[in-house]
Amino acid sequence: MSATTIQSEPRAHLATALTCRQRFLNACHCRPTDRPPVWLMRQAGRALPEYRKLKETYTFVQLVQNPELAAEVTLQPVRRFGFDAAILFSDILVIPEALGQAYRFKETGGVQMDFAVQSRADIEKLSVERVVERLGYVDQALRILRRELGDQTALIGFSGSPWTLATFMMEGASVPRYSRALALFREDPKTYFALAEKLTAAVTAYLKMQIAAGVDAVQIFDSHGGHLLPTEFQEASGRWMREIISALRTPHSALPVVAFSLGTHGNWPDLIATGANVLGVDWQTSMADARNLIPEDIALQGNLAPSLLAEATPEVVARETKAVLEAMRGRDGHIFNLGHGLTPGAKLENIAALVETVRNFR
């Protein structure tokens, strides 16, 4: 069935016409759907007992780097909850590692980089040339997933944004306050731009590899965008995401790109300027406000507060989920998601209540 046929059909008939994959893609392109598609950031992993069972045998890095295991973890939440899309189980830090900066998880918690990028000499040591080769395990995992999911469920790939990757590369993860990348950008922008250029090239190559492996969409996580002042966002983060998205566009491909930038919704014009098909909305901004500010040819993704899934009851989750859905009623191009990632303490009954509420929304 062609996209044109789907668009011309009454919405009531779409329920029998759409697979989960088609529903997701229709929403990405602001086409009619029977209901909003639903998936959750960080849906694969920590909240699921089947994932914790695997963690008794394998480390996080082993799960990421083994294609069969990464595919299995990716599929676990789809099997359990029937999400419309699966997102690759991986980590944004695979890019620094492929550039030559390895990472490890500390026994006390958090992530430590083998060395901190602190100077132009450190940046010069990073090599973009072998990124795709070194991330071959991701390519293999995605090809397994594409076969397993077939035409029924959408597959999402992802990467961190250059700005967010730079913050981690300069001081690791789980620090109280990320300050080194910000200081570099403010005090020595030329050196920061040298790092951002390498990261932009690496992320572009990585996402092109994912597209070739069969993903239906890619998401760029700008998780630390909110650390920047509104006047800094464009030069430090926005322009690099725009360059990546532009490089992914071809005359023969309309593959959707989702941009999720946490804490930056005073920068809607800069986010729109990235060229993303879909903009993620975090839980700190109302969907009604986003709807009024974003052109109708750009889809919106979000935005239930993740804390509700850990702290509330299924009844409260269902009520708040419906409130988000109602705020977007009548606008094509809404993908239901959280306003940030699923937390380890999320209750399974709350996730189930969320999914059921979205499925029954008409």
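Which length gain, in nm to one decimal place, applies between E68 and A116 when the Cα-Cα distance is subtracted from 0.36 nm times their residue separation?
14.2 nm
In degrees, nearest 10, range 0 to 90: what is the angle between the Cα axis of helix 314-327 and the longest Cα principal axis of the chain?
The two axes meet at around 90 degrees.
Within a Cβ distance under 11 Å of S179, other residues only, what is the Lys/Arg minus Asp/Glu net charge?
Taking every other residue near S179 into account, the sum is +2.
Where both residues lie in the chain, what percent of DSSP beta bridges are antiparallel, nearest 5?
Antiparallel bridges make up about 15 percent of those DSSP assigns within the chain.
Quick check on the chain: helices-only [θ] at 222 nm, where DSSP H runs of length 4 and up contribute -39,500 (n - 2.57) each and the sum goes over total residues. Nearest 500, please.
When only DSSP H runs of four or more count, the value is -14000 deg cm²/dmol.
Based on the mean of other Cβ atoms within 10 Å per residue, sort peptides 207-215, 235-243, 296-304 so the most packed one is first.
235-243, 296-304, 207-215
To the nearest 10 degrees, how steeply does helix 239-248 sit against the main Cα axis of the chain, on a 0 to 90 scale?
That helix lies at roughly 60 degrees to the long axis.
Could I have the simple spin-label model distance between R143 and A183, label points 7 Å from Cα toward Cβ, reported in nm to one decimal?
4.5 nm
Go through the range 33-130 and name the GluC sites (Glu not before Pro) that are in a DSSP coil and have 12 or fewer other Cβ atoms within 10 Å of their Cβ.
Here the sparse-neighbourhood loop sites are E56, E107, E129.
Suppose the chain between K55 and D151 were pulled fully straight at 0.36 nm per residue; how much longer would it get relative to their current alpha carbon spacing?
That works out to 31.6 nm of additional length.
Could you work out how far apart the two model spin labels at E315 and R104 are, taking each label as a point 7 Å from the Cα in the direction of the beta carbon, and quote it in nm?
5.0 nm
To one decimal place, what orientation-averaged projected area in nm² is obtained for the convex hull of the Cα set of the range 223-362?
It is 9.1 nm².
Hey, what's the per residue convex hull volume over the C-alpha atoms of the range 40-123, in cubic angstrom?
114 Å³
What lysines sit close enough to K55 to cross-link, taking a C-alpha to C-alpha distance under 24 Å and skipping anything fewer than 8 places away on the same chain?
K106, K347
Dipole of the chain, Cα-centred, from +1 at each Lys and Arg C-beta and -1 at each Asp and Glu C-beta, to the nearest 20 debye?
Once rounded to the nearest 20, the dipole reads 460 debye.
Cut-off under 26 Å on the C-alpha distance; same-chain residues fewer than 8 positions from K208 excluded. Which lysines are left, in chain and number order?
The reachable lysines, counting only those whose Cα sits under 26 Å from K208, are K125, K198.
For a quick check: with amide H placed at 1.01 Å from N, whose amide H comes under 5 Å from G339's, ignoring anything fewer than 5 positions away on the same chain?
W283, L304, A305
Taking 0.36 nm per residue of sequence separation and subtracting the Cα-Cα distance, how much length would be gained by fully extending the chain between D289 and R80, in nm to one decimal?
Gain in length upon complete extension: 71.9 nm.
For a footprinting-style exposure proxy, rank W163, W268 by other Cβ within 10 Å, fewest first.
W268, W163
Give the peptides 155-161, 332-338, 351-357, 180-186 in descending order of average Cβ contacts within 10 Å, highest first.
332-338, 155-161, 351-357, 180-186
Output needed: percent of Cα pairs per 10 Å distance bin for the chain, bins running from 0 to the one holding the longest distance.
The distribution over the chain is 5, 25, 35, 26, 8, 1, 0, given as percents.
Using the alpha-carbon atoms, what tilt in degrees (0 to 90, nearest 10) does helix 348-359 show relative to the longest principal axis of the chain?
For helix 348-359, the angle is close to 60 degrees.
Which of rounded, prolate or oblate describes the range 258-324 when judged by the alpha-carbon gyration tensor and an a/c cut-off of 1.5?
Cα axes put the range 258-324 in the prolate bin.
Can you give the Rg/Rh ratio of the range 149-259, where Rg is from the C-alpha atoms and Rh is the Kirkwood radius?
For the range 149-259, the value is 1.02.
At a Förster radius of 56 Å, what calculated FRET efficiency corresponds to the Cβ-Cβ distance of A254 and V175, to the nearest 0.05?
The value I calculate is 0.90.
According to a simple spin-label model (label point 7 Å from Cα along Cα-to-Cβ), what is the distance in nm between T19 and E129?
Reported label-point gap for E129 and T19 is 4.1 nm.
Work out the charge dipole of the chain with +1 on the Cβ of Lys and Arg and -1 on the Cβ of Asp and Glu about the Cα centre, then indicate which of I92, T264, G238 is farthest towards its positive end.
I92
We did not get these values from a lab; they are worked out from the coordinates using the rules stated. The structure presented is a predicted model; accordingly, all values stated were derived computationally and were not measured. Glycine gets a Cβ as well: all are built from the backbone with ideal geometry, and neighbour counts include every protein chain shown.
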